[in-house]
Structure formats: structure tokens, C-alpha cells
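I have placed the structure first, in the form of C-alpha cells, so that the comments after it can refer back to it.
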Amino acid sequence: MESDNIQEIGINQNGQLFIKPDKRKFPLIYRTATEVHWDSNKNILYSPKPREWTYLDWFRHIITTLETECDCKLQITPETIWVSIPETLNAEIRNDKK
């Protein structure tokens, strides 16, 4: 399995969780029909605005979708930038082992 670092994790002005991989691009992720999307202008993966799922659920879903559908493991590093992520969610994501 290939791996890539997560350059940035955030919540945008539309309330969508986004993840910016360091090197990899996923323009065909929509084919997985998992509600994970790719913005080719910003080079980010993003979720819909949470309805029934939490932001942590969406983070897990994006990471799992990439592992199972794209054979790529994304990793948080000390250099990962956090944008508009509340401290509690930051801690939940960092401590998540799923």
C-alpha cells in the first residue's frame, strides 16, 4: 500500500471537512460512490456537510475509503496544518486508532 502525508485538515466555510494530501491526487474518487469528493483546484478531498455523521466519522470514512478503494494510507504528521478544527475534534482525530 502506498502512503502519503496529510498536509492540511480543516473545515471550510461550507461546513465540509477537507483533507489535503501532500503529493497524491484523487480526481476519480467520485467513482467510489462514497460521498467523498475531490476538488482539483485546491487538491483536497472533502465530505458533505455532516448531517447524521460527525466530523470524526467523516474523517474515518475518507481515510478508510482511500485505503480500500485507492490503496493509499494517509498519515497525520507533526507538520499537518489544522484549519478551523476545534481542539476537541483535533484531539479526537489525533487519538483515533481506526
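None of the figures in this text is laboratory data; all of them are computed from the coordinates on show. Everything quoted here is computed from the prediction, not taken from an experiment. Positions of Cβ are backbone-derived with ideal geometry, glycine not excepted, and every protein chain shown enters the neighbour counts.
Worth pointing out:
- Of the residues 32, 17, 91, the one whose Cα sits farthest toward the positive end of the charge dipole of the chain, with +1 on the Cβ of Lys and Arg and -1 on the Cβ of Asp and Glu, is 32.
- Computed from label points 7 Å out along Cα-Cβ, the spacing between residue 84 and residue 68 is 2.9 nm.
- Ordering 55, 46, 30 from the fewest to the most neighbouring beta carbons within 10 Å gives 30, 55, 46.
- Close lysine pairs were tallied over the chain: pairs 8 or more places apart or on different chains with Cα atoms under 14 Å apart number 8.
- Overall form of the chain per C-alpha gyration tensor (a/c, 1.5; a/b vs b/c): rounded
- Size of electric dipole in the chain: Cβ of Lys, Arg +1 and of Asp, Glu -1, about Cα centre, debye, nearest 20: 140
- Within the chain, DSSP assigns beta bridges of which about 55% are antiparallel (rounded to the nearest 5).
- The chain: most fluctuating residue of 86, 21, 78 per GNM, C-alpha cutoff 10 Å: 78
- Comparing Cα centroids, the range 4-45 and the range 67-83 end up 10 angstrom apart.
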